[in-house]
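Written out below as structure tokens is the structure these notes cover.
What follows is calculated from the coordinates using simple rules that are stated; it is not laboratory data. Predicted model only: the values in this text are computed from it and were never measured. Glycine also receives a Cβ, built like all others from the backbone with ideal geometry; neighbour counts cover every protein chain displayed.
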Amino acid sequence: MSRLLISLIFPLRIAAAAQVSLFHFTIILNTKWRFITLVLILLYSGNIRSQTNDKILSQQEFISLVLMYHPMAKQADIIAEQGKAELTVARGGFDPTIQADFIRKSFDGTNYFSLFESELKIPAWFADVKAGYDYYYGSFINPENKIPAEGQSFAGISLPLLRDLITDKKRTALRQARLFRDASVQERILMLNDLLFDAIQAYYEWLYDYNSVKVYENAVKLAQDRLEFTRKSVIFGDRPAIDTVEALTQLQLRLYELNDARTNLRNALLNLSNYMWTESGVPLVFDSTISPAPIPNDWLEQSITMQQAEELVANARSSHPLVLFYNYKLLYAKAERLLKAQSILPRLNASYFLLSREIDFYRNPEFTAMRNNYKLGLSFSMPLSFTFKRV
């Protein structure tokens, strides 16, 4: 899984790097002297044998641990889950609802009225579909509420004609929730990009310093052998005694460089520990017994062509997570703007409901019943504003 994430995510972080190894090569070889030292490391790494050590941390294992346990990686996963939760909440605006009301008035033993109303509302994309059943009885029923004795069922639709026709709060909320979900996915990728960028850089700095120590250890050994050889040559009269001073000076220089390399290695190991955490959220601290995996023999042979680099740059301009993230933010603002534009329009709503004499709605439907048994409604409202010019 970690290798898949690296192959998909990491190249987008650095568009000019076609492969992860080339990117690492660019990080390490930032100055001329580091380039020379690295070449020496690669030349000697095949011949150098370190101490017997089973604690080897490969790049793949390191990336897997970072993605699984690092707090930033967990936070990135939470952001993606938050986007899904927002979408679930927005979809709740289109959930069907059922409502029932019962009102009864009785006075001096007389049932003035008993009103039972029930309704099932199904929000659709452009309108609301409603169906229900009403049952009224009593001695003083309002004439406008007069219905058949067995009650009356109805079904119909209510839709806006001006305001809220193109979009409304529920539809806008759903659109924005979908955009937020997609944007959160890209934000998660960006966070993982930054995390992996820093983590892999720390790993290769540690790899560089580790092999530098091995090179300088070998250089110290060679300087000691040279000093011993020079001393014996002086004893046998092959060289002047002053040559031992030069050999000793070189040995002391190599010891100084070795001590400096070990200091850099300890600092690199501490920096690498910043990215290692346990499953329970406890930071790990590495000791000097751990070592990186050996450098592959074909490490420096990996390269890309100029055409491949240009293709990567073009791909990053169109599908980079940061570009997609801001595109989603623009679409989010566009949906909000459309909702604001709809809110200034007059409100004109229409409704149409078919009526039935039975509880079962239109068991035997007829065209005449649909034409005669209905309830039609229109509502219009518009705010009026008056501007008075002050003198």
For Leu161 and Asn315, what does the FRET efficiency come to when R0 = 35 Å and r is the distance between their Cβ atoms, rounded to the nearest 0.05?
-> 0.15
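I'd like the FRET efficiency for Ala124 and Lys74, computed as 1/(1 + (r/R0)^6) with the beta carbon distance as r and R0 of 41 Å, rounded to 0.05.
On the way: r = 40 Å, r/R0 = 0.96.
That pair, Ala124 with Lys74, gives E of 0.55.
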Could you list the residues of the range 90-129 with an amide nitrogen less than 17 Å from a label point located 7 Å from the Cα of Ser139 in the Cα-to-C-beta direction?
-> 104-115
At Lys105 and Ala131, where each label point lies 7 Å from the Cα along Cα→Cβ, what is the point-to-point distance in nanometres?
-> 3.3
Which whole-number percent of Cα pairs in the range 152-279 have a distance greater than 24 Å?
-> 66
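Please express the shape of the range 177-245 as an equivalent ellipsoid: the semi-axes are the square roots of 5 times the eigenvalues of the C-alpha gyration tensor, given largest first in whole angstrom. Show your work: numbers first, answer last.
Working: eigenvalues 742, 10, 4 Å².
Values for the range 177-245, descending: 61, 7, 5 Å.
On alpha-carbon atoms, Rg over Rh for the range 220-268 using Kirkwood Rh? Could you put the intermediate results ahead of the total?
Details: Rg = 13.8 Å, Rh = 11.6 Å.
Rg divided by Rh gives 1.18.
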Expected unfolding gain across Val234-Phe94 under the 0.36 nm per residue rule, minus the alpha-carbon gap, is 40.8 nm
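How big is the Cα convex hull of the range 229-330 in projection, averaged over all directions, in nm²? Don't skip to the end; give the middle numbers.
Values: hull surface 58.2 nm².
Its average projected convex-hull area is 14.5 nm².
For the range 113-217, which GluC sites (Glu not before Pro) are in a loop by DSSP, counting at most 15 other Cβ atoms within 10 Å?
When the GluC sites (Glu not before Pro) of the range 113-217 are filtered for loop state and at most 15 Cβ neighbours within 10 Å, Glu150 remain.
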Straight-line reach from Lys329: which lysines have Cα under 21 Å away, leaving out those fewer than 8 places along the same chain?
-> Lys84, Lys169, Lys170, Lys340
If we sort 151-157, 95-101 on the protection proxy, mean other Cβ atoms within 10 Å, highest first, what's the order?
-> 151-157, 95-101
